[in-house]
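Worksheet for the structure shown next.
Here, each number is a calculation from the coordinates, and none is a lab measurement. As the structure is a computational prediction, the values presented were derived from the model and not from experiment. Backbone-built Cβ (ideal geometry, glycine too); neighbour counts: all protein chains shown.
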Amino acid sequence: MKGAFMINSYYFSDGDIQLSPHFMLHEFQSRNGCDEVLIDDALIDLLEKVFRVSDASSATVNDGYREPGAYCRSISGLDKDAHAYGMAADIVFYSDNDVIPGSIICCIAQDLGCEGIGYMGNAVHLDTRGNGGYKNNHWYGDEILSRTVSDWHDYFAINEHFSDIGNSLIFEGGNIMNRAISPEQLKYEVNRYALTVLGREIGDADTYVELLSTGQLDWYEFTKRLQESEEAVKRWIKYTLFADILGRIPAQSEINWWYAQYVLHYELNKSLMCRRFAENYEAFRDEYI
């Protein structure tokens with residue numbers, strides 16, 4: 001897939017955003033809770049094209065960005081793979097409630113010019129290595145059987161070819177409520193977001209679905225409400241600041257102390273805290289003792 005190579009850096013602590021008509025930032029956040037999220041514009045463009053050509057009704061991103069280093073290595077064996085560059089997503093597409101077979105998605109992606117495709121059954125790995133910026137610019141593989149694939153149509157004996165010609169879509173921003181979505185899908189999104197920031201589903205998900213569906217609450221307000229809850233901030237302090245940046249699990253008293261500083265001091269935003277923890281934790285802490 002040839003095109004511009006543009007990796008954007010987002011900070012989840014700045015708020016969830018709509019990246020395109022069908023994809024939100026939280027869907028691509030590293031599953032270890034890393035605050036920074038890298039995403040290639042071309043990846044989102046590719047996923048939207050596959051969405052349209054496959055006539056999907058929804059999609060689930062199983063894995064998007066991976067924080068480089070120990071977390072990435074624990075999954076792929078590499079300190080920095082295509083996911084860690086923000087160039088890849090492992091994704092499942094659905095037509096209503098039925099999974100669109102991964103074999104079909106592989107063929108569609110190939111026909112759209114994608115140079116990085118991995119078959120994983122229902123899920124498919126898609127990446128934008130064809131734009132440059134990665135160690136090799138082409139890879140097709142059956143990840144279940146560990147086989148290299150030269151042509152997905154031949155591999156799956158699928159004769160139909162797919163094209164995005166004539167399909168166009170203009171996105172001017174907005175939020176998740178700007179697109180058609182069933183109450184069941186919305187509840188899924190609510191709980192998936194809660195899992196990201198709280199590590200659990202929420203008991204009052206149906207209440208949030210009602211508020212979002214009726215316009216009493218917009219998606220941005222919902223995400224900020226969860227992000228800034230005491231539970232979410234303390235979880236972020238524990239896993240992002242201490243486990244990821246300092247490499248240790250803090251005592252509960254440390255978590256409580258830093259949460260109090262976060263609440264009391266207006267200048268303490270999450271981006272600043274990440275930077276100062278990484279630069280010199282002791283000096284930063286001493287400023288507030």
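Work out the P(r) tail for the stretch 181-221: percent of alpha carbon pairs separated by more than 10 Å, whole number. I get 67 percent for the Cα pairs in the stretch 181-221 exceeding 10 Å. Compared with the direct C-alpha span, the chain from THR207 to LEU264 gains 17.5 nm at full extension, assuming 0.36 nm per residue. Look at ARG275, ARG73 and count the other Cβ atoms within 10 Å of each Cβ; fewest to most, that gives ARG275, ARG73.
Each Cα pair under 8 Å and six or more residues apart adds its separation to the average, and for the stretch 7-156 the resulting relative contact order is 18 percent. Within the same chain, lysines fewer than 8 places from LYS187 are excluded, and of the rest, those with a Cα less than 24 Å from its Cα are LYS224.
For the stretch 212-289, which chymotrypsin sites (Phe, Trp or Tyr not before Pro) are both in a DSSP coil and crowded by at most 14 other Cβ atoms within 10 Å? Here the chymotrypsin sites (Phe, Trp or Tyr not before Pro) that fit, given the DSSP loop and packing criteria, are TYR266, TYR288.
As a proxy for reagent exposure, MET87, MET6, MET120, MET24 were ordered by neighbouring Cβ count within 10 angstrom, fewest first; the result is MET6, MET120, MET24, MET87.
Placing unit charges on the Cβ atoms of the charged side chains and taking the dipole of the chain about its Cα centre, the candidate lying farthest along the positive direction among LEU46, LEU241, GLY64 is LEU241. Taken about its Cα centre, the chain carries a charge dipole of about 660 debye when Lys and Arg each add +1 at the Cβ and Asp and Glu each add -1 at the Cβ.
Shown for the chain is the translational diffusion coefficient from the Stokes-Einstein equation, using the Kirkwood radius over Cα pairs, a temperature of 37 °C and a viscosity of 0.692 mPa s: 161 µm²/s.
Net charge in the neighbourhood of ASP14 (other residues with Cβ under 11 Å of its Cβ; Lys, Arg +1, Asp, Glu -1) is -1. Let me know the shape class of the stretch 230-286, please: from the alpha-carbon gyration tensor, a ≥ b ≥ c as square roots of the eigenvalues, rounded when a/c is under 1.5, otherwise prolate if a/b is greater than b/c, or oblate. Rounded shape, in that the Cα axes give a/c under 1.5.
Once the Cβ-Cβ distance between TYR288 and ASP96 is put in as r, and R0 is 51 Å, what FRET efficiency do you end up with, to the nearest 0.05?
With R0 = 51 Å, the Cβ-Cβ based efficiency is 0.45.
When you restrict to C-alpha pairs under 8 Å that are six or more residues apart and normalise by the size of the chain, the relative contact order lands at 16 percent. Computed from point charges on the beta carbon alone (+1 for Lys and Arg, -1 for Asp and Glu), the dipole magnitude for the stretch 181-221 about its Cα centre is near 160 Debye. Look at the alpha carbon pairs under 8 Å that are at least 6 residues apart: their mean separation over the length of the stretch 230-286 gives a relative contact order of 34 percent. Here is what passes the span test in the chain: the DSSP H helices with alpha carbon length of 15 Å or more along the helix axis and a Kyte-Doolittle mean of -0.5 or above are 41-53, 183-198, 252-264. The helix-only estimate of mean residue ellipticity at 222 nm for the chain, built from DSSP H runs of length n ≥ 4 each weighted as -39500 (n - 2.57), is -11000 deg cm²/dmol after division by the residue total. Each listed q (0.19 Å⁻¹) maps to a log10 I(q)/I(0) for the stretch 7-156, found by the Debye formula over equal Cα scatterers with no solvent: -1.18.
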